[in-house]
1. Would you mind telling me which numbered condition in (1) assigned to a loop (DSSP other than H, G, I, E, B); (2) out of contact with any Leu (no Cβ under 8 Å at 6 or more places or on another chain) residue 100 fails?
2. Scan 257, 266, 251, 246 and give me the residue that is near ligand 1 (Cβ under 9 Å from one of its atoms) and more than 19 Å from residue 351 (Cβ to Cβ).
3. Applying the selection to region 131-158, what residues are more than 12 Å from the chain's Cα centre (by Cα), at negative phi and not in a helix (DSSP H, G or I)?
4. Which one is nearest to residue 353 (Cα to Cα) among residues in region 284-330 that are of a type outside the set (D, E, K, R) and free of Cβ contacts under 8 Å to residues at least 24 places away in the same chain?
5. Could you please tell me which pairs satisfy a Cβ distance under 8 Å, a separation of 6+ or placement on different chains, a first residue in region 243-261 that is under 15 Å from residue 289 (Cα atoms), and a second residue that is among the β-branched types (Val, Ile, Thr) and more than 9 Å from ligand 2 (Cβ to nearest atom)?
6. Would you check which residues across region 209-246 are touching a Lys or Arg at 6+ places or on another chain (Cβ under 8 Å) and either in a loop (DSSP other than H, G, I, E, B) or within 10 Å of ligand 2 (Cβ to nearest atom) (or both) and list them?
7. Tally up the residues in region 410-439 that are farther than 16 Å from residue 165 by Cα and free of Cβ contacts under 8 Å to residues at least 12 places away in the same chain, please.
8. Based on what the data block shows, is residue 53 surrounded by 14 or more Cβ atoms within 10 Å (Cβ to Cβ), at pLDDT below 95 and of a type outside the set (S, T, N, Q)?
Amino acid sequence: MNSTIVAPMTPSGVSAIAAIRVSGKAVRSILSEALLNTDPKPRHAYYGDFRHLQTKKILDSLLYIFFEAKHSYTGEDVLELYPHGNPLIVKGIIQSLTHLDSLRLANPGEFTQRAFLNGKLDLVQAESVADVIHSNTLEAIHNAQRLLKGTLSSTIQELAESIKNMSMRLELDVDFVEEEVDPDPHSWKPTLLQIQRHLDRLIQEFQSAESTNRLPLVVVYGKPNAGKSSLINALIQEDRLLVSDRPGTTRDFVEVRLLLEGGEIRLIDTAGIATEVADDLDALSMQKSLEILKEADLKVCLIDGAKTQDITDDIQAAKKEKAFPIVSKADLLEKNNDSILHSQSLSFVSTKQDTESYIHQLKSKWNKILFPAKENQEDFWVTSERQKTSLIAAQKGIEKTLDLIETNPAVELLAFEMQLVRQELLAITGQISSEDILQSIFSRFCVGK
Ligand SMILES: Nc1nc2c(ncn2[C@@H]2O[C@H](COP(=O)(O)OP(=O)(O)OP(=O)(O)O)[C@@H](O)[C@H]2O)c(=O)[nH]1
Ligand SMILES: [Mg+2]
């Protein structure tokens with residue numbers, strides 16, 4: 001922990017402003033030598049020139065903030081620099097600093113690791129920092145923020161504490177058999193059952209960060225010429241996909257990204273599926289459409305509203321497929337199928353008229369389906385496999401303890417089992433942790449965090 005570490009906090013590339021973080025003992029000497037500030041006021045934004053430590057040339061005029069040890073993210077002296085976002089400047093500053101003997105580039109997650117080691121965050125909170133950064137849905141971000149605030153940590157602390165209160169009495173009994181301490185393990189059953197229920201709920205509600213961050217897949221399918229590619233162009237507000245009045249324009253399926261209110265989705269345009277196949281290529285295109293359709297979280301069936309014949313059968317077929325039916329070309333609908341225009345259970349779209357309002361309604365309907373709001377906003381769920389493994393081990397330990405109580409055990413056995421449960425719980429928040437565990441947790445972070 002002796003070396004001072006440095007890393008860019010922003011991704012490489014050109015931007016208005018970049019950010020660099022330095023943490024460790026060398027911060028004050030950097031302030032005095034590179035920024036000529038010998039008496040920095042903590043948490044105060046300064047504007048100054050950064051001098052290359054070796055050449056003494058000014059690399060940039062920039063904003064910087066000093067955070068004093070104990071009251072910083074890592075718990076050490078921290079310097080944050082906000083140079084212009086030119087990669088040459090960022091590289092120059094970092095190179096100039098890493099020339100110092102006591103300074104090196106930070107490993108991924110090393111700032112957060114130091115925050116943990118210095119008691120600024122517990123392990124659950126440290127892990128949730130990575131979740132806050134990498135979550136793909138608003139719901140997952142809110143959850144990560146709840147974990148970062150310590151919601152899970154305090155629950156775990158309470159459970160560990162009540163185990164301790166019980167096992168302390170047992171340990172007393174083990175150590176002072178002669179004295180008159182008479183624990184009655186049977187009377188702890190209600191508390192143990194309550195802990196068990198709590199652990200059960202946490203395990204049941206576990207959702208791995210990987211699974212919550214998987215982008216939902218929406219596949220748009222329908223007959224040739226229904227207006228699928230036009231709809232996707234309208235959704236992404238780009239003229240990206242080829243559109244023509246010739247049926248069979250789209251051959252391969254094409255994937256784009258779309259940001260809805262609750263998160264990002266993958267949206268796929270497919271080749272039209274016709275009842276008759278014109279040639280081999282046509283058959284192959286349709287085959288591909290059907291294959292990708294199987295993977296969809298939401299199948300969207302586009303039904304051609306310009307058709308002069310009745311489209312009620314097409315709508316029924318889509319509903320049978322459990323697809324989300326949309327009638328396209330609503331601008332032509334009145335002339336043809338105006339009886340269905342006022343149907344409440346259908347969605348409509350036109351890429352030629354009132355497009356903005358149709359698209360807005362569609363996006364909001366899809367958002368409700370793909371990112372349903374959680375009933376209880378205060379709820380949180382565990383996202384780390386490591387935490388889940390410990391929860392399961394703790395739960396098994398409680399089960400065993402309850403069994404032991406029934407079979408009238410030796411007090412030593414009960415004390416031992418309850419101690420194991422407590423250790424598993426404390427491993428979650430990192431009050432008991434091994435070097436290996438820490439290594440595997442922080443190596444998943446990005447550099448600079
Ligand atoms: N009037 C009207 N025409 C539309 C609308 N949307 C699409 N079209 C026209 O319908 C034709 C087919 O549109 P595409 O978006 O290529 O249809 P597609 O479903 O992707 O067709 P394939 O890729 O061949 O299966 C084009 O001539 C479009 O201009 C609409 O909302 N209103
Ligand atoms: Mg198309």
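1. Among (1) assigned to a loop (DSSP other than H, G, I, E, B); (2) out of contact with any Leu (no Cβ under 8 Å at 6 or more places or on another chain), residue 100 violates only (2).
2. Being near ligand 1 (Cβ under 9 Å from one of its atoms) and more than 19 Å from residue 351 (Cβ to Cβ) holds for just one of 257, 266, 251, 246, which is 251.
3. 149
4. If we take residues in region 284-330 being of a type outside the set (D, E, K, R) and free of Cβ contacts under 8 Å to residues at least 24 places away in the same chain, then 309 is nearest to residue 353 (Cα to Cα).
5. 253/219; 253/268; 253/292; 254/268; 255/268
6. Correct list: 215, 216, 220, 222, 225, 227, 232, 233.
7. Qualifying residue count, region 410-439: 7.
8. Yes.
The values are calculated or read from the model by the stated rules, or taken from the named source; none is laboratory data. Bear in mind the structure is a predicted one, so any value in this text is a computation, not a measurement. FYI the Cβ positions are ideal-geometry reconstructions off the backbone, even for glycines, and counts take in every protein chain you see.
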